[in-house]
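The values are calculated or read from the model by the stated rules, or taken from the named source; none is laboratory data. Owing to the predicted nature of the structure, the values given are computational and were not obtained by experimental measurement. In this analysis, Cβ positions are derived from the backbone assuming ideal geometry, glycine residues included, and neighbour counts consider all displayed protein chains. Surface accessibility is based on the protein's heavy atoms, side chains included, excluding ligands, DNA and RNA. Shrake-Rupley method; radii C 1.70, N 1.55, O 1.52, S 1.80 Å.
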Amino acid sequence: MFPSQYFMRHAASLVACLSTLAILAGCNPVRLVNTLTPRNDYDAYSGLSYGRGERHLLDVYVPKTSANTGADRPIIVFFYGGSWQTGERDDYRFVGEALASRGYVTMIPDYRRYPQTTFPGFMDDAAAAVSWARGHALAFGADPRRLYVMGHSAGAHIAMLLATDHRYLRLHGMDATQLAGAIGLAGPYDFLPLEDRTLEAIFPPSLRETSQPINHIDGHEPPIFLAVGTADRTVDPGNTTRFARRLAAAGDQLVLKRYPKVNHAMAVGSLAKPVRALSIFITVAPVLDDVSAFIDSHPTR
């Protein structure tokens, strides 16, 4: 898309923008990544309703690639992060493109956030979105038996709680055992006690123990993929270590990837095609390759 000289000149500034997910030197990193993300390898369906609320909309990315063609295509429901307070599905087109480029039908829903709701309101939204995805998988050429939940940061918490606490999906006519797998990137899975007043409001005292995915592991979880950067200063990597240890002790199928020098933002930013293109100049975590290997190793559930 761009000559190599361009990447060499701008690699450092682009990675800096992505790494902080903040406005640096007048650069909005999400906008930049989405601007540089191609649009020609998927068909997009935007603003589809999975519920009645204004936050109950999702976008669908259907791959045009020849890989995983027909009804065998996996389907992934991706939940973005933002401390259960921020985030928009439009900001994650780069994730939809990345997963669609591997032949996966991808759905990215919005969900209610604080202060509109508190725990477990966003979990009910997430379960409704997953149930909708399963019910509409065939319409988008995907196999409902190959349904994965995936998330980054707070979205990884949501994905893993769906996979470990069966109550949420059961309220929407599903069960966690119907998931082909769950994928968590840099997630908080064991984050008590709380030391932030806003988080204390999001997670009421009487519900805090049940809000922790680690507390629901019983050995009947779907296959799980966990990834974390060793340089994460936003969510303690110990969340992933403790969660993985408990899953392994329960006998669950688990893939754990630790990426040296990768921070919180780049755990998901590494999925973006503009970032992957920089791998000839800098070290980029192979998150997309590792996630793809995990999904492709589970043909059906």
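Of note:
- Seen from Val287, the other residues with C-beta closer than 10 Å to its C-beta sum to a net charge of 0, counting Lys and Arg as +1 and Asp and Glu as -1.
- Using only alpha-carbon positions in the stretch 202-243, the gyration tensor eigenvalues give semi-axes of 21, 18, 7 Å once each is multiplied by 5 and square-rooted (largest first).
- Report note on the peptides 153-159, 209-215: ranked by the mean count of other C-beta atoms within 10 Å, highest first, their order is 153-159, 209-215.
- The chain, relative contact order in percent, only Cα pairs under 8 angstrom and at least six apart counted: 17 percent
- Each label point was placed 7 Å from the Cα along the Cα-to-Cβ direction; for His298 and Asp175 their separation is 1.6 nm.
- Rounded to 0.05, the FRET efficiency of the Phe281 and Gln85 pair, given R0 = 30 Å and the Cβ-Cβ distance, is 0.30.
- Average projected area [Cα convex hull, the stretch 177-301], square nanometres: 8.9 nm²
- Three semi-axes of the equivalent ellipsoid, the chain, Cα gyration tensor, whole Å, largest first: 27, 23, 19
- Share of carbon and sulfur in the accessible area of the chain stands at 52%, probe radius 1.4 Å.
- Simple spin-label estimate for Leu48 and Ala201 gives 3.5 nm between the two label positions (7 Å along the Cα-to-Cβ direction from each Cα).
- Note on the stretch 51-167: with charges restricted to the Cβ of Lys and Arg (+1) and Asp and Glu (-1), its dipole about the Cα centre is near 240 debye.
- FRET efficiency for the Arg242 to Ala139 pair, using the beta carbon distance and R₀ = 30 Å, is estimated at 0.15.
- In the full protein context, the chain carries 42 Å² of accessible surface per residue, based on a 1.4 Å probe and ignoring ligands, DNA and RNA.
- FRET efficiency, Arg258 to Arg31 (Cβ-Cβ, R0 41 Å, nearest 0.05): 0.85
- Charge-dipole axis of the stretch 90-212 as Lys and Arg at +1 and Asp and Glu at -1 on Cβ define it, positive-most pick from Gly141, Ala129, Ile108: Gly141
- Using Cβ point charges alone (K and R +1, D and E -1), the dipole size of the chain about the Cα centre works out to roughly 440 debye.
- Think of the chain as having a plus end and a minus end, set by charges on the Cβ of Lys, Arg, Asp and Glu; of Gly229, Asn40, Pro193, Asn40 sits farthest toward the positive end of this dipole.
- Computed Rg/Rh of the stretch 228-286, alpha carbon atoms with Kirkwood Rh: 1.06
- Residue-averaged [θ]222 nm for the chain, counting only DSSP H segments that reach four residues, each worth -39500 (n - 2.57): -10000 deg cm²/dmol
- With θ taken as phi - 60° and the Karplus curve 6.51 cos²θ - 1.76 cosθ + 1.60 applied, the whole-hertz 3J(HN,Hα) list for the stretch 142-149 is 10, 9, x, 7, 10, 9, 10, 9 Hz, x standing for glycine and proline.
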